[in-house]
1. Express in nm, to one decimal, how much length is gained between ASN245 and ARG217 on full extension, taking 0.36 nm for each residue of separation and deducting their alpha carbon distance.
2. From the convex hull of the Cα coordinates of the stretch 1-136, what is the mean projected area in square nanometres?
3. Explain nothing, just the number: dipole magnitude of the stretch 304-383 about its Cα centre with +1 on each Lys and Arg Cβ and -1 on each Asp and Glu Cβ, in debye rounded to the nearest 20.
4. Take each of the peptides 23-32, 305-314, average the number of other beta-carbon atoms within 10 Å over its residues, and list them starting from the highest.
5. Give the lysines reachable from LYS341 as a straight Cα distance under 24 Å; neighbours fewer than 8 places away on the same chain don't count.
6. Report, to the nearest 10°, how far helix 387-415 tilts away from the longest principal axis of the Cα atoms in the chain, using its own Cα long axis and a range of 0 to 90°.
7. Take the residue pairs LYS198/LYS476; LYS197/LYS410; LYS79/LYS405 and return only those whose Cα atoms are more than 27 Å apart.
8. On each of the three principal axes of the Cα atoms of the stretch 135-279, give max minus min coordinate, whole Å, ordered largest first.
Amino acid sequence: MKNTNSLSQSHNILFLNTLAFTVCFACWTLNGVLVTFLVDNGIFHWSVVQVGWLLGIPILTGSIMRLPIGILTDKYGGKYVFSFLLLLCSIPLFLLPLADSFFMFALLSFFFGMVGTSFAVGIGYTSIWYPKEWQGRALGIFGMGNAGAAITTFLAPSLLNHFSIEDPQNGWKILPVMYAVALLVIGVAFLIFAKNKKIENQTKTVSQMLQSLKSARVWRFGAYYFLVFGCFVAYSQWLLPNFMNVYQTSLVMGGLFATLFSLPSGVIRAFGGYLSDKFGARKVMYWVLSSSVILSALLMIPKMEITTTGPGVLATKKGIITSVSSEKIKIGETEFTIARKKENDVENSIFPTRTSWQQVVVAQNQTVKKKELLAKGITVIKFDANMWVFLVLVILIGISWGIGKAAVYKHIPEYFPTEVGVVGGMVGMIGGLGGFFGPIIFGYLLTATGIWSSSWIFILIFSAVCLTWMHYTITKIMNEKQPVLAKVIDRQ
């Protein structure tokens with residue numbers, strides 16, 4: 001009976017944690033929609049660089065502060081740290097409508113970006129309530145709060161449009177206040193309903209707690225998380241301009257497609273936790289990294305049109321050209337048929353399409369030699385990178401990463417049971433930095449190559465590096481610890 005009550009209490013804490021994390025994640029990605037709206041409607045006249053900073057500042061704050069917040073969670077318990085965080089971050093959101101300059105907007109964005117550290121709090125606070133066999137599922141369910149990004153990308157644009165009908169200049173100010181109220185309400189609920197719990201006999205100093213960060217395993221997990229979480233956050237923002245530029249979608253449709261990427265990736269995380277509990281996190285990560293390599297290899301093929309030389313028409317005899325038209329050339333009485341250009345009716349085809357024709361390069365009354373070129377061949381190979389196929393592949397890689405997020409965090413309570421907050425905070429920080437640097441890297445690649453799909457080349461290389469690193473580590477353990485191979489491997 002005691003175990004049942006204990007598990008019921010654990011589930012209550014998990015519910016509170018997940019709800020708070022969902023709202024925090026929605027707030028964390030608010031600027032992606034809000035800043036775009038403000039600039040598009042001429043309310044603020046910020047440059048592209050300033051917009052880039054306003055999108056990135058909350059992501060950066062929420063990433064670099066995860067480690068110290070994780071340490072505080074291990075030391076004082078999740079109830080007080082989470083409550084304080086929720087209440088504190090509501091203040092800059094309440095003040096955001098008063099911002100009248102780039103500096104003020106950036107400063108307030110820096111402070112409300114602290115909601116991104118909620119992940120480090122929730123990981124430490126959730127794991128301490130569950131036994132080992134429940135860790136994957138519990139942390140996976142908590143991680144479903146990632147879906148908060150989809151709430152913002154899906155609802156915020158419509159809310160902004162609605163609020164701006166009567167007051168186009170100031171209507172937007174209602175949205176950050178709504179987000180602030182949500183943080184305030186959940187912060188108070190946490191203080192009332194949550195029960196504090198921290199690691200028993202936690203007497204380690206901060207310096208001792210940080211010793212675990214010397215382990216190469218922490219950085220390996222961080223690299224995985226940079227891919228499965230950091231790149232997920234990056235693409236949550238990057239996909240909207242991608243769809244609008246490559247496929248000429250509207251802002252609303254592009255936002256919907258971005259939501260189709262982020263929503264399943266967040267929700268599937270709980271299933272990833274279940275798979276990690278059942279089959280082992282190592283097997284799941286092998287599947288995730290392998291699928292990331294395959295899917296990014298398919299996604300990196302750009303929408304393109306290649307024009308090359310095709311089969312031409314050569315003179316079979318020497319003579320004078322007596323007639324020239326777009327359809328035929330005559331040398332004396334001998335006719336040579338010219339292939340005309342046909343319009344390709346296949347639009348948005350899944351497979352590459354080929355069109356060939358010939359272009360006359362000689363003139364009437366011109367003397368030509370045998371085997372001289374009369375009409376050059378032109379072949380155009382067109383690949384539309386079908387939008388619906390692209391969307392399905394994007395959703396699949398998002399789902400793969402969602403499962404991977406849970407698998408990465410399944411490892412941490414096993415290897416670092418007394419430093420979950422510290423190690424979880426560090427791994428989360430590395431992943432969060434992926435969300436900050438991802439769009440910057442993608443932007444540089446786009447500028448250098450002029451190809452939107454260049455970002456997927458980066459994903460392919462990084463996925464291959466992670467897969468190789470993991471396989472090398474597993475192989476090394478197999479060679480060093482063969483007698484206890486099965487047990488050790490299942491935990492890698």
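All of the numbers you see were taken from the coordinates with simple rules; none came from a lab. As the structure is a prediction and not an experimental result, all values here were calculated from the model. Neighbour counts run over all protein chains shown; Cβ positions are idealised from the backbone, glycine included.
1. This chain segment gains 6.1 nm when fully extended.
2. Value for the stretch 1-136: 9.2 nm².
3. Details: 13 positive and 8 negative charges, 93 e Å.
The dipole of the stretch 304-383 has a size of about 440 debye.
4. Most protected by this proxy first, the peptides run 23-32, 305-314.
5. Within reach: LYS303, LYS328, LYS330, LYS371, LYS376, LYS382.
6. Here the helix axis deviates by roughly 30 degrees.
7. Checking Cα-Cα distances, LYS198/LYS476 exceed 27 Å.
8. 58, 41, 31
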